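Scroll down for the structure; my scribbles are underneath it.
The values are calculated or read from the model by the stated rules, or taken from the named source; none is laboratory data. Fair warning: this is a prediction, and the values are worked out from it, not measured in the lab. Cβ placement follows ideal geometry from the backbone for every residue including glycine, while neighbour counts extend to all protein chains displayed.
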Amino acid sequence: MAMKKNHIEEDVYILAIESSCDETAAAVVKNGREVLSNVISSQIALHTVYGGVVPEIASRKHIEKINQVIEAALLEANVTLKEIDAIGVTYGPGLVGALLVGVAEAKALAYAAKKPLVGVHHIEGHISANFIEHPELEPPFLCLIVSGGHTHLVIVKDYGEFEILGRTRDDAAGEAFDKVARAVGLGYPGGPKIDKAAKEGNPDAISFPRAKVEGNVYDFSFSGLKSAVLNYINHGKMMGEEINVPDLAASFQKAVVDVLVSHTIAAAKEYGIKKIAIAGGVASNSALREEMALACKRNGADFYYPSPIYCTDNAAMIAAAAYYEYINGARAGWDLNAVPNLKLGER
């Protein structure tokens, strides 16, 4: 059984590092929920030129920035490394080169400062982002994690204990957003640009498919939807028709949101769960937030979501997850390594 935060009498300060993709981030969090600093160095401008994240460039930029963001996080939190109780770091999943930079830095800091090291699963970090702004939220609850690389529907049974109900069979929701945005010329990153364009469009203008996956009603598939959108665009070009980008964005977004919300609510009903949370980059999508809030209200469920800054990759969420791992006795050895395809629940 996991140890609850109120079982710890002394304050615990976690310094965490996140470098799984294209954000170099460091944060100091007190007792798993109070953010003292959350410093993020974004690489979006660098990768926009290429229409997506270039792993080699991401890794090099992490090396350049990581010491700066850690120093800034400690300074902003007004604590020294000596006052830190443990160092948390994302070790998977993610881009292997990017992860290695963070893991190597965390191991070096922990070794030099004689501090415990805690390895954190990136998706567990996203889930834990909900603890930061919702002090009343405690497991068990249902959480939908939607990002560029992941789409998971999980029951958070306890801190660090998860039951995966569904996951994507192909493209993650965020990946589909990026590919559709690129196809209609909106550019990278696709999520915010589709969201913005959709506000000017009619979500019922174009009928796109909602995939049902054989074998597990809670699994997701977005490759068919992505292909349908690309086929619609190509057909329009062949016929010399102008594509109404806001209508397409709104219709595509509605198809994604419908599936995400319907799966989540169906699972909540089946398992009798009245607390629902969302997490990950796509959790900042305005249509998803609005539709999930309405669905939760209709079904008498409480709805939790992080602020946008805690939806995208950040180190505060990693520190929150590391805190609960730390008080449960989890410690990583000096052999901690990057695991790019790490599954949720694996150690």
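Yes or no: the stretch 32-45 includes at least one residue that is part of a loop (DSSP other than H, G, I, E, B) and among the polar types (S, T, N, Q). Scanning the stretch 32-45 turns up at least one residue that is part of a loop (DSSP other than H, G, I, E, B) and among the polar types (S, T, N, Q).
Identify all residues within the stretch 113-148 that are touching a residue at least 12 places away in the same chain (Cβ under 8 Å) and surrounded by fewer than 19 Cβ atoms within 10 Å (Cβ to Cβ); write none if there are none.
Ala113, Lys115, Pro116, Glu133, His134, Pro135, Leu137, Glu138, Pro140
Filtering the stretch 266-286 down to residues that are surrounded by fewer than 20 Cβ atoms within 10 Å (Cβ to Cβ) and in contact (Cβ under 8 Å) with a residue 12 or more places away in the chain, which residue is nearest to Val184 (Cα to Cα)?
Ser286
Applying the selection to the stretch 80-137, what residues are under 27 Å from Phe303 (Cβ atoms) and among the aliphatic types (A, V, I, L, M)? Scanning the stretch 80-137 gives Val120, Ile123, Ile127, Ala129, Ile132, Leu137.
Checked against (1) at pLDDT 95 or above; (2) under 29 Å from Arg289 (Cβ atoms); (3) β-branched (Val, Ile, Thr), Val53 meets all criteria but (1). Tell me yes or no: at least one residue of the stretch 109-117 is within 16 Å of Arg331 (Cα to Cα), assigned to a strand (DSSP E or B) and either touching a strand residue (DSSP E or B) at 6+ places or on another chain (Cβ under 8 Å) or of a type in the set (Ser, Thr, Tyr) (or both). Yes, some residue in the stretch 109-117 is within 16 Å of Arg331 (Cα to Cα), assigned to a strand (DSSP E or B) and either touching a strand residue (DSSP E or B) at 6+ places or on another chain (Cβ under 8 Å) or of a type in the set (Ser, Thr, Tyr) (or both). Note on the stretch 15-31: residues that are farther than 21 Å from Ala113 by Cβ and either without any contact (Cβ under 8 Å) to a residue 60 or more places away in the chain or part of a helix (DSSP H, G or I) (or both) total 0. The criterion of being touching a strand residue (DSSP E or B) at 6+ places or on another chain (Cβ under 9 Å), among the charged types (D, E, K, R) and within 30 Å of Gly97 (Cα to Cα) holds for Arg331.
Across the stretch 291-311, which residue is farthest from Val96 (Cα to Cα) among those that are assigned to a helix (DSSP H, G or I) and under 15 Å from the mean Cα position of the chain (by Cα)?
Restricting to residues being assigned to a helix (DSSP H, G or I) and under 15 Å from the mean Cα position of the chain (by Cα), the top hit is Pro308.
Among the residues of the stretch 312-321, are any modelled with pLDDT under 95 and within 19 Å of the chain's Cα centre (by Cα)? Among the residues of the stretch 312-321, at least one is modelled with pLDDT under 95 and within 19 Å of the chain's Cα centre (by Cα), which makes the answer yes. Please name all residue pairs, on different chains or six or more residues apart, with Cβ atoms under 9 Å, provided the first residue is in the stretch 152-165 and is farther than 10 Å from Thr264 by Cα and among the basic types (Lys, Arg) and the second residue is assigned to a strand (DSSP E or B) and modelled with pLDDT of 95 or more. Matching pairs, first to second residue: Lys157/Glu163.
When Leu336 is tested against (1) assigned to a helix (DSSP H, G or I); (2) over 17 Å from the mean Cα position of the chain (by Cα); (3) under 19 Å from Lys107 (Cα atoms), just one condition goes unmet, and that condition is (1). Residues that are outside any helix (DSSP H, G or I) and without any contact (Cβ under 8 Å) to a residue 40 or more places away in the chain were ranked within the stretch 175-229; the one that is nearest to the chain's Cα centre (by Cα) is Lys212. Please find, within the stretch 217-252, the residue that is surrounded by the most Cβ atoms within 10 Å (Cβ to Cβ) out of those that are farther than 15 Å from Ser207 by Cβ and among the polar types (S, T, N, Q). The selected residue is Ser221.
Screening Gly125, Gly148, Gly97, Gly119 for residues that are more than 17 Å from the chain's Cα centre (by Cα) and either modelled with pLDDT under 95 or not aliphatic (A, V, I, L, M) (or both) leaves exactly one candidate, Gly97.
Glu325: out of contact with any Pro (no Cβ under 6 Å at 6 or more places or on another chain), touching a residue at least 60 places away in the same chain (Cβ under 8 Å), buried (at least 19 other Cβ atoms within 10 Å of the Cβ) and acidic (Asp, Glu), yes or no? Answer is yes for this residue. Applying the criterion of being buried (at least 20 other Cβ atoms within 10 Å of the Cβ) and out of contact with any helix residue (DSSP H, G or I) (no Cβ under 7 Å at 6 or more places or on another chain) to the residues of the stretch 287-314, the residue that is nearest to Leu137 (Cα to Cα) is Cys296.
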